[in-house]
Amino acid sequence: MRTVGDIFGQIFRNLWAHKLRSFLTMFGIAWGVGSLLLLVGVGEGFRSGNKREMAEFGKDIMFLFPGRAPAVKGNMSSARSYLLTYQDFEDIRRSPEVRNACPIIARSDLHEISEFSNGSGEVLGTQPQLNEISYLPLQEGRWLNQLDGTQRRNVVVLGNQLAKTLFPGRPALGAFILMNGLRFEVVGSMPHLGRGDNMWLNNRAYIPFEVMAANFPLKGENRQNSISFVEYQPHVTAEHVLARNAVHKIVGQNHGFDASDENVFDEWDSIQESKMVGTIFDVMNMFLGAVGLVTLALGAIGVINIMLVAVSERTQEIGLRKALGATNRNILFHFFLEGLLLTLGSGLLGMAFAGGLMGLMGGVEGPQGFDPPKLVPMSAMLAIGCLTAAGVIAGLYPARKAAMLQPVEALRQE
């Protein structure tokens, strides 16, 4: 009785006897699996990169900026500019459709000076709840609190790049800076946000809203109690449109224009943006899936053809083995192992190649919004499983037909 070791030995001898055919078969399978996994991996990297960038803004975050409102609805040629006010923020915060809101005064024309250097980052006057809306992690120190605002403390939290500029190679926490001649204590600093050379989030300073409004209000006429923009979150994520409409109604009533005209609002809804990006990813996944199916189908056809030819050529061998006492089960098991070894081994090689290439690309920083390709285990299992099943079935079907022949008939086959 033949052992499993004998069977594997025979399989390897058969593969070696047809080296070129075996190599081309394995190369085709490995290439199909590897290319499919690379395609899916690139798509997954794009998806995760965009999700990461969206997460760096905050969760369920919505922005409302000053805009232009027409005197006559729909006639933007008669539009006049309007500014958001602190009263707008308070009304928005009290709206039942809004979970959280924060006013912002932003200025880029202030100058920051330390005893070592000077900078010109963007300064934001804000309230403590901003870090509940936006993604604002701390590297050291603390964030702004309620007492900072009520007591009008001159404290500042520095972005990563601004801290490096003002305190090169030195600790920033507890140090002091001058901001347009006004002295501020550094109570916190942030880690680097984002990737690459995108420094706008890192070149910021955050001070209490009340200190900003008192010392550095927005420039220009008729800007008393004006703010740069409002960040807010809907009470329920799925009802962000209701929250947006409620905010529109509040601002329209406060400034005396028709809130049903969408053109009068300058805003950004990260929830809506996420839905749009999700739709793009769904379409992209459908495209990649179609390409992957074609790739797998071509690979499967190649495997089937080669296995059919390989088994047909060995009909006489099957007849000889039957004449020597081999059973149908022995013969089918032999071809099952041969097909499994050829296809599964090739698929694993393709997966290893794709995984290794993605690993090498993992240290390469891609464009903004792109993460390195990632191996998706489910896609790998599906691709290898489909090709393995195709190869095994393609080998077993003709092998079963040949095994059903009488030994004499099988030996007569050309």
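The values are calculated or read from the model by the stated rules, or taken from the named source; none is laboratory data. Since we're looking at a predicted model, the values are computed, not measured. As a convention, Cβ positions derive from the backbone with ideal geometry for all residues, glycine included, and neighbour counts pool all protein chains shown. These accessible areas exclude ligands, DNA and RNA; they are computed on the full protein's heavy atoms, side chains included. Shrake-Rupley method; radii C 1.70, N 1.55, O 1.52, S 1.80 Å.
Karplus couplings for segment 253-264 from phi (6.51 cos²θ - 1.76 cosθ + 1.60, θ = phi - 60°), rounded to Hz, Gly and Pro as x?
Working through the residues one at a time gives 5, 5, 10, x, 9, 6, 6, 7, 8, 5, 6, 8 Hz.
Fully extended, how many nm does the chain gain between Glu115 and Leu242 (0.36 nm per residue separation, minus their Cα-Cα distance)? Can you show the working numbers first?
Numbers: separation 127, 0.36 × 127 = 45.72 nm, distance 4.98 nm.
So the chain would gain 40.7 nm between Glu115 and Leu242.
Please compute the per residue accessible area over segment 186-297 with all protein chains in place, 1.4 Å probe, rounded to a whole number of Å². Kindly include the intermediate steps, with their values, before the conclusion.
On the way: 5540 Å² over 112 residues.
Heavy-atom SASA per residue in segment 186-297 reads 49 Å².
Work out, step by step, the length gained on full extension between Glu210 and Ser48: first 0.36 nm times the residue separation, then minus their alpha carbon distance; give nm to one decimal.
Working: separation 162, 0.36 × 162 = 58.32 nm, distance 3.82 nm.
So the extension gain works out to 54.5 nm.
Could you list which residues have their amide H under 5 Å from that of Gly58, counting only those 5 or more apart in sequence or on another chain, with H placed in the peptide plane?
Excluding prolines and chain starts, which carry no amide H, the hits are Tyr135.
Ordered by residue, what ³J(HN,Hα) values in Hz, to whole numbers, does segment 227-241 give under the Karplus form 6.51 cos²θ - 1.76 cosθ + 1.60, where θ = phi - 60° and Gly and Pro are x?
Couplings: 10, 6, 6, 10, 9, 8, 10, x, 4, 10, 4, 5, 9, 5, 5 Hz.
Multiplying the sequence separation of Arg223 and Asn145 by 0.36 nm and subtracting their Cα-Cα distance, what value in nm do you get?
25.5 nm
Just the Cα atoms of segment 56-175, one point each, no solvent: what log10 I(q)/I(0) does Debye give at q = 0.18 Å⁻¹?
For the requested q values the scattering log ratios are -1.11.
What ranking of His235, His248 comes out by heavy-atom accessible area, probe 1.4 Å, highest first?
Descending accessible area places them as His235, His248.
I'd like the Karplus ³J(HN,Hα) series for segment 336-341: coefficients 6.51, -1.76, 1.60, θ = phi - 60°, whole numbers in Hz, and an x wherever there's a Gly or Pro.
4, 5, 5, x, 5, 5
Calculate the tail of P(r) for segment 89-148: the fraction of all Cα-Cα distances greater than 14 Å, expressed in %.
Value for segment 89-148 (Cα pairs over 14 Å): 69 percent.
For an R0 of 45 angstrom, estimate the FRET efficiency from the Cβ-Cβ distance between Leu178 and Leu348 and round to the nearest 0.05. Show your work: numbers first, answer last.
On the way: r = 64 Å, r/R0 = 1.41.
Approximately 0.10, to the nearest 0.05.
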